[in-house]
Structure formats: C-alpha cells, structure tokens
Amino acid sequence: MTDHTYEVSVRWTGDRGTGTSGYRDYGRDHDVTAPGKHAIAGSADPAFRGDRDRWNPEEMLLGALAQCHMMSYLYVAVQRGFTVVDYEDTATASLDVHRDGTGEVTEVTLHPVVTVLEADLVADAEAAHAEANRLCFIARSVAFPVHHTPVTKVRAAG
C-alpha cells in the first residue's frame, strides 16, 4: 500500500473592516491554494450570502467526485480494451439544510456522456461506470450515495 498526503491552504479574504461583528458584516470570499497551482476563488453559495462568481465548497466537492470518476473511468477503459474519445459530465448534488443550520450533501448523480470507438463494446463501456465508482478515491470517501446515469455514444467511422 502506498500512502499519499495532500495539502491545500484556505485564506479568508472577506473582512470588510469589522471582521465577523455580525452575520451580514463579513464577506464569504476566500482563496484555496496549493503549492505551485493557481488559486481557486472560493465563497459560500449565494443562498448563504456568498459570491455567485466564485466556487463554493459544495461545487468543489461535486467537481472532485466528477473528476475522480472520470479519471477512474478512463483507467477502466484502458483495462477493458475500449477506446474513449470524448467524455463530458454535468453532475448534480442534493444538499439538505436543517432548521438548526446543520446540513449535509445527501446524494450526487453523475451524468457522464461518453463516446467510444467500438460499437460492439457499448455494454462494456456502460458497465465500466460501476468499476470506476468502486475505484474512485473520492466516492469511496463520502458518506452519501454517488449515482450514475451514463449515456454511451459511438463515434461513427469516417
């Protein structure tokens, strides 16, 4: 087994001069950075007084799941011998917020649209999503279900 560690830094940039003196008195803006990488401009969801032009934590979690599934899926494609030539996903998440201010993501659904070259391997390409989910480090780490509603296309010979 190989262990890996990761490090990111989060720096709040939303002080408007009075800190957190009141719920409406501070910005939710922050930067997420890692050594050698561009900063990600973060905020809260607009429903929680955040900036809609910045990434919120829920979107970043959803993005991590979609990215991880895609990377795992591409690996499985190589292992199973079918050729992916295009992959897109428009993932969705459900967040339940409770009266006491707590909440949780309750489920995620990935909607990958995958184009393969081999028409005779479409069933294998569709089945590969289950294996990709099993392999995805992020999906294995969350406490809610990650569903998949894939569409598989075949690139026409041309």
Over the range 106-116, the set of residues closer than 19 Å to G63 by Cβ and either out of contact with any Leu (no Cβ under 8 Å at 6 or more places or on another chain) or open to solvent by less than 30 Å² (accessible area, probe 1.4 Å) (or both) is E107, V108, T109, L110, H111, P112, V113, V114
Return the residues of the range 73-110 that are over 20 Å from R134 (Cβ atoms) and out of contact with any strand residue (DSSP E or B) (no Cβ under 7 Å at 6 or more places or on another chain); say none if nothing qualifies. T90, H98, R99, D100, G101, T102
Can you find a residue in the range 117-126 that is open to solvent by 60 Å² or more (accessible area, probe 1.4 Å), under 21 Å from E59 (Cβ atoms) and of a type outside the set (A, V, I, L, M)? no
If R28 satisfies all but one of (1) in a helix (DSSP H, G or I); (2) modelled with pLDDT of 95 or more, what's the number of the condition it fails? (1)
Considering T18, T2, which residue is hydroxyl-bearing (S, T, Y), in contact with an Asp or Glu (Cβ under 8 Å, 6 or more places away or on another chain) and part of a loop (DSSP other than H, G, I, E, B)? T18
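Just the residues that are within 24 Å of M71 (Cβ to Cβ), more than 12 Å from the chain's Cα centre (by Cα) and open to solvent by less than 70 Å² (accessible area, probe 1.4 Å), please, taken from the range 87-104. Don't jump to the end; show me each part of the working.
In the first step, residues of the range 87-104 are kept if they are within 24 Å of M71 (Cβ to Cβ); the result is 87-94.
Narrowing the set further to residues that are more than 12 Å from the chain's Cα centre (by Cα) leaves 87-88, 94.
Listed by number, the residues that qualify are Y87, S94.
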Only one of (1) touching a helix residue (DSSP H, G or I) at 6+ places or on another chain (Cβ under 9 Å); (2) outside any loop (DSSP other than H, G, I, E, B); (3) open to solvent by less than 70 Å² (accessible area, probe 1.4 Å); (4) not acidic (D, E) does not apply to Q79, and that is (3)
Spot the failing condition for N133; the list is (1) part of a strand (DSSP E or B); (2) in contact (Cβ under 8 Å) with a residue 60 or more places away in the chain, and only one is missed. (1)
Scan the range 136-156 for residues that are buried (at least 17 other Cβ atoms within 10 Å of the Cβ), touching a His at 6+ places or on another chain (Cβ under 6 Å) and without any contact (Cβ under 8 Å) to a residue 60 or more places away in the chain and report the count. 1
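The values are calculated or read from the model by the stated rules, or taken from the named source; none is laboratory data. Nothing here was measured: the structure is a model prediction, and the numbers come from that model. So basically every Cβ, Gly included, is an ideal-geometry build from the backbone, and we count neighbours across all protein chains shown. The protein model used for the area step is the full one, side chains on, heavy atoms only, and it has no ligands, DNA or RNA in it. Shrake-Rupley method; radii C 1.70, N 1.55, O 1.52, S 1.80 Å.
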